[in-house]
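Colleague: Dumping the structure here so I can ask a few things about it.
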Amino acid sequence: MIGILGGTFDPIHFGHLRPALDCLQALGLDEIRLVPLNVAVHRAPPVASSAQRLAMLEAAIAGQPGFVADDREIDRPGGSYTYDTLISLRAELGGELPVCLLIGADAFAGFLDWHRPAEILDLAHLVVMRRPGASDALDPALQAFCAGRIRDRARDLAETPAGRILFQDVTQIDVSATRVRELIRQGLSPRWLLPDTVISIIAAEGLYR
């Protein structure tokens with residue numbers, strides 16, 4: 001069973017990395033593939049180039065067993081849609097391996113507005129990363145979509161390749177890439193918000209100034 005975590009990663013920081021590690025360990029995943037997007041669809045375009053963001057990602061996860069940088073979106077032209085990424089992944093891995101798409105609770109709240117959301121569930125499980133003690137309340141449309149799909153044990157996901165939804169408590173670190181970029185723009189240190197190896201690349205490339 002593997003996990004997929006996509007994002008702009010502009011730059012990658014501990015708010016991405018620690019929850020991913022929580023999921024790797026709690027779900028017993030063999031690996032998590034971190035997938036930097038190429039062309040943002042629902043947000044402003046990244047500041048750093050694709051090559052720079054991939055380099056920062058690779059530096060951030062170096063030495064962490066089970067974390068893999070996956071550049072399939074960077075190599076694909078056009079908008080970066082999760083559905084297309086999962087189609088590509090299934091072509092590589094086949095249809096039987098359980099795949100878990102990791103998304104934050106805020107992103108899940110808008111999941112029905114994603115490109116082909118029902119078909120995403122045909123290709124992968126959803127693991128909704130949330131802070132401990134968060135409410136399970138969903139809006140009516142999302143609740144109807146989730147009916148019959150929600151499970152409460154990681155082993156329930158391992159039984160089938162796709163189609164189930166699990167809410168997973170993870171460590172919540174109050175940091176955003178926007179905050180990191182703003183600190184750097186102001187000439188302030190972002191240390192302790194992201195790995196020192198990433199800070200070194202940012203400094204060497206003159207990013208976010």
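Colleague: For segment 95-112, which positions are open to solvent by 30 Å² or more (accessible area, probe 1.4 Å) and free of Cβ contacts under 8 Å to residues at least 12 places away in the same chain?
Modeller: Those that are open to solvent by 30 Å² or more (accessible area, probe 1.4 Å) and free of Cβ contacts under 8 Å to residues at least 12 places away in the same chain: 106, 107.
Colleague: Please go through segment 21-70 and pick out each residue that is under 14 Å from residue 201 (Cβ atoms), among the β-branched types (Val, Ile, Thr) and buried (at least 18 other Cβ atoms within 10 Å of the Cβ).
Modeller: Answer for segment 21-70, where residues must be under 14 Å from residue 201 (Cβ atoms), among the β-branched types (Val, Ile, Thr) and buried (at least 18 other Cβ atoms within 10 Å of the Cβ): just 61.
Colleague: Also, I was wondering about something else. What number of residues in segment 148-187 are open to solvent by 70 Å² or more (accessible area, probe 1.4 Å), aliphatic (A, V, I, L, M) and part of a loop (DSSP other than H, G, I, E, B)?
Modeller: 0
Colleague: Just one of 189, 135 is at pLDDT below 95, out of contact with any Pro (no Cβ under 9 Å at 6 or more places or on another chain) and of a type in the set (S, T, N, Q); which is it?
Modeller: 135
Colleague: Inspect all residues belonging to segment 66-85 and state whether any of them is closer than 25 Å to residue 183 by Cα and within 13 Å of the chain's Cα centre (by Cα).
Modeller: No, segment 66-85 contains no residue that is closer than 25 Å to residue 183 by Cα and within 13 Å of the chain's Cα centre (by Cα).
The values are calculated or read from the model by the stated rules, or taken from the named source; none is laboratory data. What you see is a predicted model, and the numbers here were worked out from it, not measured in a lab. Note that we place each Cβ from the backbone using ideal geometry, even for glycine, and neighbour counts take in every protein chain shown. Heads up: the accessible areas ignore ligands, DNA and RNA and are worked out on the full protein's heavy atoms, side chains in. Shrake-Rupley method; radii C 1.70, N 1.55, O 1.52, S 1.80 Å.
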